[in-house]
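Report on the following structure.
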Amino acid sequence: MGRELHRMGAPFRQPEWSALSLMERPDLVQQAHENFLKAGAQVITSNSYAVVPFHIGEERFAEQGETLARLSGHLGRQAIAAQTNGEAQRTYPLLAGSLPPTGGSYRPDLFTPQQAEAILTPLISGLAPSVDLWLAETQSSIAELQTAHRLVRQNTDDTRPFWGSFTLDDSDPAALIHQHAPVCLRSGERLEEAVKAALRLKLEALLFNCSDPRIMEVALRTARNVLKAHGDSTTTLQLGVYANGFAHNHHEDKGQGANESITPLDGTLTPQHYGEFAQRWHEAGANIIGGCCGIGPEHITALATRFSSPD
């Protein structure tokens, strides 16, 4: 979403990131959603990822956080209404409510449950009137996901689907692909333990996002092995991927997280190339496939063409 706004020439800078457009040009936020819907997206995500103190500051978050989250949900809803000509949709498209990492992307060391609750509670309240499902995304640790899930589910009336998405340690793709090293979250926790946590939480979907596309197939096969060990018949957990398009050497600065700067993109990750990755992900068990940073409407068109069925 942020990269599409940047490409469109919308207001965009650090530290506000995609929240700046939400504050200054909400019409362009809706237009970005519409660009993805016209490309064939069946699920769009609210532009609430950067509505956190990390991006907009403590004071502005305290004053405007819930209002901005509410606006982000409203704009997503408006985009869907424009795409469907105001008709009530039966299945797709859907609006996912983005619940972001509260201490900044890739920073599990900055997570505390108390801070997360103070940030996520107004986001959940603001998004609740508009979203079809919840998406706790770019989660770097199991505790991050558990906290987001608890805060949503403490409202017992909210039975909307909850999707959890982990970002993975992709600092050495070759080790994962060729040397059979274990797949880990950015916290260092093994992916197997994260999948077991998702099963205990009874999530509707477990996804992997904002990581190198080359490691996603290994992650999916690891997840499938855990599910098989627990018996496929005991879970309806869906698996999914939305990788990023960062240049392969973007981790050279180990002190930098996602969205702390405008990270260079891999210019070779064409829609066709991304679609080839997606085909392998689907064969490895993913039936929810999309895109994260740097994956634009043209990539979504390629996916929609390749996978014509909603399944």
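List of remarks:
Each row is one residue, and each column tells you yes or no for (1) in contact (Cβ under 8 Å) with a residue 12 or more places away in the chain; (2) surrounded by 19 or more Cβ atoms within 10 Å (Cβ to Cβ); (3) of a type in the set (A, V, I, L, M, F, W, C).
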{"residue": "Ser46", "(1), (2), (3)": "yes, yes, no"}
{"residue": "Val51", "(1), (2), (3)": "yes, yes, yes"}
{"residue": "Phe54", "(1), (2), (3)": "yes, yes, yes"}
{"residue": "Glu59", "(1), (2), (3)": "no, no, no"}
{"residue": "Ala62", "(1), (2), (3)": "no, no, yes"}
{"residue": "Thr67", "(1), (2), (3)": "yes, no, no"}
{"residue": "Ser72", "(1), (2), (3)": "yes, yes, no"}
{"residue": "Gly76", "(1), (2), (3)": "yes, yes, no"}
{"residue": "Ile80", "(1), (2), (3)": "yes, yes, yes"}
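- Selected residue (criterion: nearest to Gln30 (Cα to Cα)) from residues of the stretch 49-86 that are of a type in the set (D, E, K, R) and under 19 Å from the mean Cα position of the chain (by Cα): Arg77
- Any pair with Cβ under 7 angstrom, 6 or more apart, that starts in the stretch 135-158 at a residue that is at pLDDT below 95 and ends at one that is part of a helix (DSSP H, G or I) and surrounded by 17 or more Cβ atoms within 10 Å (Cβ to Cβ): Asp158/Val152
- Look at (1) over 30 Å from Pro297 (Cα atoms); (2) in a loop (DSSP other than H, G, I, E, B); (3) without any contact (Cβ under 8 Å) to a residue 40 or more places away in the chain and you find that Leu199 fails only one, number (2).
- Hits in the stretch 145-159 - residues which are surrounded by 14 or more Cβ atoms within 10 Å (Cβ to Cβ) and either of a type in the set (D, E, K, R) or over 22 Å from the mean Cα position of the chain (by Cα) (or both): Arg150, Arg153
- Residue check for His251: of a type outside the set (Ser, Thr, Tyr), assigned to a loop (DSSP other than H, G, I, E, B) and either within 24 Å of Asp172 (Cβ to Cβ) or at pLDDT below 85 (or both): yes
- Residues that are in contact (Cβ under 8 Å) with a residue 40 or more places away in the chain, crowded, with 22+ Cβ neighbours inside 10 Å and within 21 Å of Gln279 (Cβ to Cβ), drawn from the stretch 163-196: Ser165, Leu168, Asp170, Leu176
The values are calculated or read from the model by the stated rules, or taken from the named source; none is laboratory data. All figures in this text were calculated on a predicted structure; none of them were measured in a lab. Note that we place each Cβ from the backbone using ideal geometry, even for glycine, and neighbour counts take in every protein chain shown.
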